[in-house]
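Here is the structure we will look at.
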Amino acid sequence: MYNSKPHQEHDLGRLHQHMLDTRLAVLVSQGEQGLLATHLPVLLDTGEGEFGTVYAHLARANRQWQDLAQGGEALLVFPGADAYVSPGYYPSKADNPKVVPTWNYLAVHAYGPAEVIHDAATLLTIVSRLTERHEQGRNEPWSVADAPADYIDGMLRAIVGIRLPIARLQGARKLSQNRSEQDISGVREGLSASPDQLDNQLAAHMRQL
């Protein structure tokens, strides 16, 4: 992705935390069927490989897995908080009106060769771990084992697993770092005062600069 130097994020721990905090990623691939993308929940194993390994699953009816099985690089997009930045947030505008709107955002892109998994035992592990992740914190968390075994067996036959060992990571934290401290403070205060929760989330990230 295009990412100017002031906004590049290279800290592996921060990149991993962003990925762990993202509930739904986008898997993008290019193959015989053209450019394809699927929105899907994923699991990140930070201890497997230099940059970590991602696990997920696709519906078997989703033909994207057929292209992934042919090899080549795939991309996982992990979006984050974002916010419109008005020139009105910049105190410097009073002295220099040569300003335009922009957009602040966080994002991580993970690249690697995707492997397709058909083994039922491995698929069961993937869906069980995904379920445990998203059920945690509930008063009565649901477990894959709560459903009849033959029903789960049928569900597993309807999906394929994906394993993507990350070969490279790109992170963007566009938080007005190219502006003066006065303007950064103006953007942070403006977004904090916004009634939009996404604006507030972005402002919270700016407080960590």
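The values are calculated or read from the model by the stated rules, or taken from the named source; none is laboratory data. Bear in mind the structure is a predicted one, so any value in this text is a computation, not a measurement. Every residue, glycine as well, gets a Cβ built from its backbone with ideal geometry; the counts of neighbours run over all protein chains shown. For accessibility, only protein heavy atoms count, side chains too; no ligands or nucleic acids. Shrake-Rupley method; radii C 1.70, N 1.55, O 1.52, S 1.80 Å.
Can you pull out every residue in the range 13-49 that is part of a helix (DSSP H, G or I), in contact (Cβ under 8 Å) with a residue 60 or more places away in the chain and open to solvent by less than 60 Å² (accessible area, probe 1.4 Å)? Break it down stepwise before answering.
Initially, the range 13-49 is screened for residues part of a helix (DSSP H, G or I), giving 13-21.
Those left that are additionally in contact (Cβ under 8 Å) with a residue 60 or more places away in the chain: 14-15, 18-19.
Within the range 13-49, Leu15, His18, Met19 qualify.
Suppose the filter is in contact with a helix residue (DSSP H, G or I) (Cβ under 7 Å, 6 or more places away or on another chain) and either among the charged types (D, E, K, R) or surrounded by fewer than 22 Cβ atoms within 10 Å (Cβ to Cβ) (or both); does Gly52 pass it? Spell out the reasoning first.
On the way: in contact with a helix residue (DSSP H, G or I) (Cβ under 7 Å, 6 or more places away or on another chain): yes; either among the charged types (D, E, K, R) or surrounded by fewer than 22 Cβ atoms within 10 Å (Cβ to Cβ) (or both): yes.
Considered against the rule, which asks whether it is in contact with a helix residue (DSSP H, G or I) (Cβ under 7 Å, 6 or more places away or on another chain) and either among the charged types (D, E, K, R) or surrounded by fewer than 22 Cβ atoms within 10 Å (Cβ to Cβ) (or both), Gly52 comes out as yes.
Limited to the range 134-166, what total is found for residues that are under 24 Å from the mean Cα position of the chain (by Cα) and of a type in the set (Gly, Ala, Ser)? First the steps, then the outcome.
Our first condition is that a residue be under 24 Å from the mean Cα position of the chain (by Cα); within the range 134-166, this holds for 134-138, 159-166.
Those left that are additionally of a type in the set (Gly, Ala, Ser): 137, 161.
Going through the range 134-166 one residue at a time, the tally reaches 2.
In the range 115-127, is there at least one residue being in contact with an Asp or Glu (Cβ under 8 Å, 6 or more places away or on another chain) and surrounded by 11 or more Cβ atoms within 10 Å (Cβ to Cβ)? Don't jump to the end; show me each part of the working.
Of the range 115-127, the ones in contact with an Asp or Glu (Cβ under 8 Å, 6 or more places away or on another chain) are 120.
Filter again for surrounded by 11 or more Cβ atoms within 10 Å (Cβ to Cβ), leaving 120.
Checked against the condition, which is being in contact with an Asp or Glu (Cβ under 8 Å, 6 or more places away or on another chain) and surrounded by 11 or more Cβ atoms within 10 Å (Cβ to Cβ), the range 115-127 yields at least one hit.
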Collect the residues in the range 92-104 that are surrounded by 15 or more Cβ atoms within 10 Å (Cβ to Cβ) and either part of a loop (DSSP other than H, G, I, E, B) or at positive phi (or both), keeping them in residue-number order.
-> Val99
From Gln136, Gln70, grab the single residue that is closer than 27 Å to Leu20 by Cβ and without any contact (Cβ under 8 Å) to a residue 40 or more places away in the chain.
-> Gln136
Please go through the range 157-185 and pick out each residue that is surrounded by 18 or more Cβ atoms within 10 Å (Cβ to Cβ) and among the basic types (Lys, Arg).
-> Arg163, Arg173, Lys174, Arg179
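Please tell me if Phe78 is touching a helix residue (DSSP H, G or I) at 6+ places or on another chain (Cβ under 8 Å) and part of a loop (DSSP other than H, G, I, E, B). Working first, answer last.
Values: touching a helix residue (DSSP H, G or I) at 6+ places or on another chain (Cβ under 8 Å): yes; part of a loop (DSSP other than H, G, I, E, B): no.
In short, no.
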So which residues in the range 157-187 are touching a Lys or Arg at 6+ places or on another chain (Cβ under 9 Å), hydrophobic (A, V, I, L, M, F, W, C) and not in a helix (DSSP H, G or I), if there are any at all?
-> Ala158, Ile159, Val160, Leu175
Is at least one residue of the range 56-66 surrounded by fewer than 19 Cβ atoms within 10 Å (Cβ to Cβ), touching a residue at least 12 places away in the same chain (Cβ under 8 Å) and in contact with an Asp or Glu (Cβ under 9 Å, 6 or more places away or on another chain)?
-> yes
Residue by residue through the range 133-156, note down the ones that are farther than 30 Å from Ala69 by Cβ and either touching a Lys or Arg at 6+ places or on another chain (Cβ under 7 Å) or open to solvent by less than 60 Å² (accessible area, probe 1.4 Å) (or both).
-> Glu135, Ser143
